[in-house]
1. What is the calculated FRET efficiency for residue 30 to residue 72, with r their C-beta to C-beta distance and R₀ = 22 Å, to the nearest 0.05?
2. For segment 82-113 and segment 21-56, compute the distance between their C-alpha centroids and round to whole Å.
3. Can you show me the helix-derived [θ] at 222 nm for the chain, built from DSSP H runs with n ≥ 4 at -39,500 (n - 2.57) apiece and divided by the number of residues, rounded to the nearest 500.
4. Under 10 Å, Cα contacts only: if you run a Gaussian network model on the chain, which one of 47, 19, 83 comes out with the highest mean-square fluctuation?
5. So for the pair residue 87, residue 100, with labels modelled 7 Å out along Cα→Cβ, what separation do we get in nm?
6. For the Cα atoms of the chain, what angle does the longest principal axis make with the long axis of helix 93-110, in degrees from 0 to 90, nearest 10?
7. Note the angle between two axes, namely the Cα long axis of helix 22-31 and the longest principal axis of the Cα atoms of the chain, as a number of degrees from 0 to 90, rounded to the nearest 10.
8. On C-alpha positions alone, give me the angle between the axis of helix 67-77 and the longest principal axis of the chain, in degrees, nearest 10.
C-alpha cells in the first residue's frame, strides 16, 4: 500500500431545500449540469445514499489536491437546491482489524495456560 496515491474520504450532507418540490429540484440541477459536473474528474463516489427527511449523503474518495475543486462544483451546482455540510473522514476498517488483533493477542497472553 505504500505506493498507493494519497487520498482522503469526504462525506457531504446534501440537505434538500424543502421549499422546492422534486420537479423544481431536478430542473435546477439540470440547469447547473449537476449530473455532468459532479463529482469532478479524478474523484470517486464511494457511496451515495438518500436519507428520507434529510436529503442525500455522499462519500467521495479523492486526492487532497482536489478538495477545492469539489467545493467549487458544490458551490456552482448544488447551492440553491441543497444546503451542505462537509465531513472529512477515513476508512476505519483497517484500524478496527488491527485493534481487534491486538486485543485478541493480549487476551490470549493473559489467559492461564
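1. Details: r = 19 Å, r/R0 = 0.87.
Here the calculated transfer efficiency is 0.70.
2. Computed from Cα coordinates, the inter-centre distance equals 32 Å.
3. Values: 4 runs with 43 residues, N = 113.
The helix contribution divided over the chain gives -11500 deg cm²/dmol.
4. 19
5. Output for this residue pair reads 2.2 nm.
6. 20 degrees
7. 90 degrees
8. With both axes taken from Cα atoms, the answer is about 30 degrees.
Just so you know, all these numbers are worked out from the coordinates, no wet-lab data involved. Values in this document were obtained by computation on a predicted structure and should not be read as measured data. Cβ coordinates were reconstructed from backbone atoms using ideal geometry, including for glycine residues, and neighbour counts include every protein chain displayed.
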